[in-house]
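**Q** One structure is given below, represented as structure tokens, and several questions about it will come after.
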Amino acid sequence: MDKIISFVLIVFTCCICTGSNSPSYTGKIPSLKTVFKEDFMVGAALNRHQINETNPMATAFISWQFNTLTPENDMKAALIHPEWARYNFTETDKIISYGQQHHMQINAHTLIWHSQLPAFVLQMHDKDSLHQFFKDHISIIASRYDGKVYSWDVVNEALNEDGTMRKSLFLRYLGDDYVVEAFQLAEKAARHTKLYYNDYNIEQPKKRAGAVALIRKIQAAGTRIDGVGIQGHWHLGKVPLKDIEESILEFSALGIDVMFTELDISVLPDPKGVEGADVNQQKAYNSILNPYSGSLPDSVQQQLAGDYENLFRLFLKHKDKISRVTFWGVNDGDSWLNNWPVPGRTNYPLLFDRQFNPKMAFNKVVALQPGTGTK
């Protein structure tokens, strides 16, 4: 039987806000978290300004649309653990308070990642020192926030595109089992927290096979892993729906949750040589790579809307297997894709424009649920 979802309409104005990222939309729109409340959680990555609530209207918009959040940067090692014996919990404690105040689940991101490491870790050249950092970092941070965050991305992006293990600092010094040990340490420190593996392109067959093997290895060790996050950094007209569906089925068959954790769809051409979503890739600016610096043509808006509509139709088809969909940013102005892999570009990868206006893609997505579509 078709679901009839009721929702409360909210009005946003710009009367007290300034700046390009202030809501200017005056009107009535559905709430994503309400539209999909019977299907899966809907979230966004939040930056420090948003967590600190520097724009009250943006805060209202975020809490209206989303019921789960992922901190974009402040729980990464370089910021939360800048020196050997010093942790900086100021910003991360604010994240906890924000989530509690606005009744949003927190997915903590991330404990172990080869990128955004503190300088002292990058200078390590022996196993014992790195292993001590590894153990202390996971145990101290995960235990501090146990029961305060809903989940942790325990390990992030440990695989190459062919499914083999990435030759990171952790692999080099700690060996092939470092991912298993990370989950063992996290399980001990955070017994009341969901534990996830997160990566990009793991919907692709070779990398997916590597992720499946890695998850099975963790399970075979008798260690808890609760879910897998498919990041979902895709490109206009190239969203791999068949591979995504096969991945949902294959990962869920392992008995774990499946999530889409960093969703966006880039509308810009990328330079040759860029592979995946590795943040360390950077290319020089070229105006040819920035074709929509002023605005996005209607024809491209329509194509983006079609991609999102098809994607969410697939999510709804497998809603029994998907627990969360998180966008990597709230609106187009927040997106990391404005500066990656080419700094200074203007991208349009999300459902809301730079003034928080709902885009055609938003309308198509919410219209998938009876009674919630916008015109």
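The values are calculated or read from the model by the stated rules, or taken from the named source; none is laboratory data. Treat the numbers as computed from the prediction; the structure is a model and nothing was measured. Positions of Cβ are backbone-derived with ideal geometry, glycine not excepted, and every protein chain shown enters the neighbour counts. Protein only, heavy atoms only, side chains kept; ligands, DNA and RNA dropped before computing areas. Shrake-Rupley method; radii C 1.70, N 1.55, O 1.52, S 1.80 Å.
**Q** Past 20 Å, Cα to Cα, is the threshold; run Lys76/Lys206; Lys148/Lys317; Lys217/Lys317; Lys33/Lys94; Lys206/Lys317; Lys206/Lys238 against it and keep the listed order.
**A** Cα-Cα > 20 Å for Lys76/Lys206; Lys148/Lys317; Lys217/Lys317; Lys33/Lys94; Lys206/Lys317; rest within.
**Q** If you don't mind, another one. Rounded to a whole number of µm²/s, how large is the Stokes-Einstein D of the range 59-149 at 20 °C and 1.002 mPa s, given Rh as the Kirkwood radius over C-alpha pairs?
**A** Using the Kirkwood radius from Cα pairs, D works out to 152 µm²/s.
**Q** Round to the nearest 10 and give me the degree value, 0 to 90, for the angle of helix 178-189's Cα axis relative to the longest principal axis of the chain.
**A** With both axes taken from Cα atoms, the answer is about 80 degrees.
**Q** Rounded to the nearest 500 deg cm²/dmol, what is the calculated helix-only ellipticity per residue at 222 nm for the chain, with -39500 (n - 2.57) per DSSP H run of length n ≥ 4?
**A** -10000 deg cm²/dmol
**Q** Between the range 90-154 and the range 329-348, what is the C-alpha centre distance in whole Å?
**A** 25
**Q** Oh, and also: In degrees, nearest 10, range 0 to 90: what is the angle between the Cα axis of helix 205-220 and the longest Cα principal axis of the chain?
**A** Here the helix axis deviates by roughly 50 degrees.
**Q** With every atom except the alpha carbons ignored, what do you get for Rg and Dmax of the range 102-250, in angstroms?
**A** Reported Rg and Dmax, both Å: 15.6, 47.
**Q** Further, regarding this structure: With no solvent and one point on each alpha carbon, what is the Debye value of log10 I(q)/I(0) for the range 305-375 at q = 0.11, 0.24, 0.27 Å⁻¹?
**A** Calculated log10 I(q)/I(0) at the listed q: -0.31, -1.10, -1.21.
**Q** Here's something else I'd like to know. Using the 2.2 N^0.38 Å rule of thumb for compact globular proteins, work out how the range 38-96 stacks up: its C-alpha Rg over that value, please.
**A** 1.29
**Q** Seen from all sides and averaged, what is the projected area of the convex hull of the Cα atoms in the chain, in nm²?
**A** That works out to 18.4 nm².
**Q** Would you mind working out the accessible area per residue for the chain, using a 1.4 Å probe, and quoting it in Å²?
**A** Normalised by residue count, the accessible surface of the chain is 41 Å².
**Q** Based on the alpha-carbon gyration tensor of the range 68-119 and its eigenvalue square roots a ≥ b ≥ c, which shape applies: rounded if a/c is under 1.5, prolate if not and a/b is larger than b/c, or oblate?
**A** Because a/c hits 1.5 or more and a/b fails to exceed b/c, the range 68-119 counts as oblate.
**Q** Give the shape of the range 127-189 as rounded, prolate or oblate, defined through the alpha-carbon gyration tensor: a ≥ b ≥ c are the square roots of its eigenvalues, a/c under 1.5 means rounded, and otherwise the shape is prolate if a/b is larger than b/c and oblate if not.
**A** Verdict is oblate for the range 127-189.
**Q** List the residues of the range 80-102 whose backbone N lies under 19 Å from a point placed 7 Å from the Cα of Asp146 along the Cα-to-Cβ direction.
**A** 93, 96
**Q** A further question follows. Taking just the alpha-carbon atoms of the range 19-175, what radius of gyration and Dmax come out, in angstrom?
**A** Values for the range 19-175 (Cα only, Rg and Dmax): 18.1, 59 Å.
**Q** For the Cα atoms of the chain, what angle does the longest principal axis make with the long axis of helix 127-144, in degrees from 0 to 90, nearest 10?
**A** 50
**Q** Quick one: in the range 213-254, what % of C-alpha pairs are over 17 Å apart?
**A** Counting pairs separated by more than 17 Å, the tail of P(r) holds 42 percent.
**Q** For the range 198-268, what does the alpha-carbon gyration tensor say about shape, rounded, prolate or oblate, given a ≥ b ≥ c as the root eigenvalues, a/c under 1.5 as rounded, and a/b over b/c as prolate?
**A** prolate
**Q** If R0 is 45 Å, what FRET efficiency do you get for Gln132 and Arg48 from their C-beta distance, rounded to 0.05?
**A** FRET efficiency, Gln132 to Arg48: 0.95.
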